[in-house]
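Student: For reference, the structure I am asking about is given below.
The values are calculated or read from the model by the stated rules, or taken from the named source; none is laboratory data. None of these values were measured; they are calculated from a predicted model. Don't worry about glycine lacking a Cβ; one is built from the backbone with ideal geometry, like all the others, and counts go over all protein chains shown.
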Amino acid sequence: MQKDTYLLDSVPEIQFYLVEITTACQLRCPGCKRTTERGKKNWSSNFMPLEKVKRVIDNMPPSNHVIFSGFGEVTLHPNLPDILSYANKSGKFRIIQINTNGLINDIDYFRMLIDCGLNYLMISVDSLDQKILDASRTGTKAKHLETVLRGMADFRIPVIASITVSKTNLDDLPNTLRRLNEIGKFTVGIREAGDLGLPDVMLDADDRVRLAKHLVSVMPLDNLRVDPPKSMMVQREVCVDPWNRPGINIKGELTPCCWTNDGSILGHLDITSMTYEDAWFEQGHQNWLNGFREAYPENPCSGCPRNPNLWSSFWTGKDFVLYRTLK
Ligand SMILES: C[S@@+](CC[C@H](N)C(=O)[O-])C[C@H]1O[C@@H](n2cnc3c(N)ncnc32)[C@H](O)[C@@H]1O
Ligand code: SF4
Ligand code: SF4
């Protein structure tokens, strides 16, 4: 097909976008890109300046939902309250979310963030067992995490307890869910660890069967609403993130999704100096989308747990038969 006969994708409605406002963190979770890249001396810890965050918000279209996060800990950002206030006053969002490890500040700090406009909070839990936390969320004190969760259980905004399941915490999952249920009402988002530099702890097909068994063994729990991981919810799904859920990295560059903060993938489209609409119609961006339709590209999709090609035979082969015979 000739280039000029390509039908360009019109600018789609964004479901949510994630802005990486920091790459600094106090924890050393072994599976996180920040930790693995730091190990290779390939990381710098930065904060997106407030003025830059404001320009990103100005240059992006209104969207249902914005997430301030990144391969870093947002509550370390000195201007987080101002960022949330600006997002709130812009009137562009229904949902204003942060993703946090929750361990830097006391509960009053989060109440102050709610006053600034925060209305949705995701806190990473993974486990409440100190030994497992040492291995998967290195630097986390179990008692502290539990105290924070008790405080958050009374918040008037939705609090999502996020569990990233790897071989390290898989068999502790029923225990984690029971303990969360004792603490209070939470929505629990379970997702699989992907490959951000530590592939050995990713779940294999047998582990996915164990994950299903663990969930069946412990649910329902009165206080919890559990969202299972993608690999358990659908048979085959096409990833729509590059259309509906883009990311903005620490430099202000557009990325196809929040699994990656690599701005080179889309040719370093700087949203602090151009609108999203202009970035969308850049030929390189459109070419990348057309390529994505043909096949998931190695970068960034090869280790991503949302890439259906990684879901092995769970739904299609013998594992599925096993799953159906669960008691
Ligand atoms: C990168 S952190 C940033 C926010 C905050 N520092 C936190 O830990 O919640 C966001 C989420 O990514 C998850 N994560 C880290 N490494 C991962 C991996 N290899 N695969 C999937 N999720 C991962 C963490 O468990 C956390 O819930
Ligand atoms: S707390 Fe979040 S950003 Fe920090 S190392 Fe852990 S997963 Fe990465
Ligand atoms: S499958 Fe690819 S585009 Fe979709 S979320 Fe994963 S890395 Fe991003």
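Student: Scan segment 16-27 for residues that are more than 6 Å from ligand 2 (Cβ to nearest atom) and in a loop (DSSP other than H, G, I, E, B) and report the count.
Tutor: Looking only at that region, the number is 4.
Student: Condition (residue is in contact with a Phe, Trp or Tyr (Cβ under 7 Å, 6 or more places away or on another chain), in a loop (DSSP other than H, G, I, E, B) and either in contact (Cβ under 8 Å) with a residue 12 or more places away in the chain or closer than 26 Å to residue 37 by Cα (or both)) applied to segment 266-288: is it met by at least one residue?
Tutor: yes
Student: Name the residues in segment 28-46 that are more than 10 Å from ligand 2 (Cβ to nearest atom) and among the hydrophobic types (A, V, I, L, M, F, W, C), would you?
Tutor: Hit for segment 28-46 is 43, nothing else.
Student: Now a separate question. Report, by residue number, each residue of segment 198-227 that is surrounded by fewer than 17 Cβ atoms within 10 Å (Cβ to Cβ) and either outside any helix (DSSP H, G or I) or within 16 Å of ligand 3 (Cβ to nearest atom) (or both).
Tutor: Scanning segment 198-227 gives 199, 204, 219, 220, 221, 222, 223, 225, 227.
Student: Identify all residues within segment 180-197 that are outside any helix (DSSP H, G or I) and either under 20 Å from the mean Cα position of the chain (by Cα) or among the hydrophobic types (A, V, I, L, M, F, W, C) (or both); write none if there are none.
Tutor: 186, 187, 188, 189, 190, 191, 192, 193, 194, 195, 196, 197
Student: What's the total number of residues in segment 29-45 that are within 11 Å of ligand 1 (Cβ to nearest atom) and part of a loop (DSSP other than H, G, I, E, B)?
Tutor: Result for segment 29-45: 4.
Student: Let me ask something else about it. Hey, among the residues in segment 161-174 that are touching a Ser or Thr at 6+ places or on another chain (Cβ under 8 Å) and of a type outside the set (Ser, Thr, Tyr), which one's farthest from residue 211 (Cα to Cα)?
Tutor: 161
Student: Please indicate, with yes or no, whether at least one residue in segment 59-66 is crowded, with 22+ Cβ neighbours inside 10 Å and either more than 16 Å from ligand 1 (Cβ to nearest atom) or farther than 30 Å from residue 192 by Cα (or both).
Tutor: Yes.
Student: Only residues in segment 51-71 that are within 16 Å of ligand 2 (Cβ to nearest atom) count as the first member; pair them with residues that are at pLDDT 95 or above and part of a helix (DSSP H, G or I), Cβ under 7 angstrom, at least 6 apart or cross-chain, and list the lot.
Tutor: Filtered contacts from segment 51-71: 68/74; 68/83; 71/33; 71/34.
Student: With respect to residue 69, determine if the residue is at pLDDT 95 or above, within 13 Å of ligand 1 (Cβ to nearest atom) and surrounded by fewer than 16 Cβ atoms within 10 Å (Cβ to Cβ).
Tutor: For residue 69, the condition - at pLDDT 95 or above, within 13 Å of ligand 1 (Cβ to nearest atom) and surrounded by fewer than 16 Cβ atoms within 10 Å (Cβ to Cβ) - is not met.
Student: If you don't mind, another one. Limited to segment 124-158, what total is found for residues that are under 15 Å from residue 99 (Cα atoms) and either among the charged types (D, E, K, R) or surrounded by 16 or more Cβ atoms within 10 Å (Cβ to Cβ) (or both)?
Tutor: Summing the residues that are under 15 Å from residue 99 (Cα atoms) and either among the charged types (D, E, K, R) or surrounded by 16 or more Cβ atoms within 10 Å (Cβ to Cβ) (or both) in segment 124-158 gives 8.
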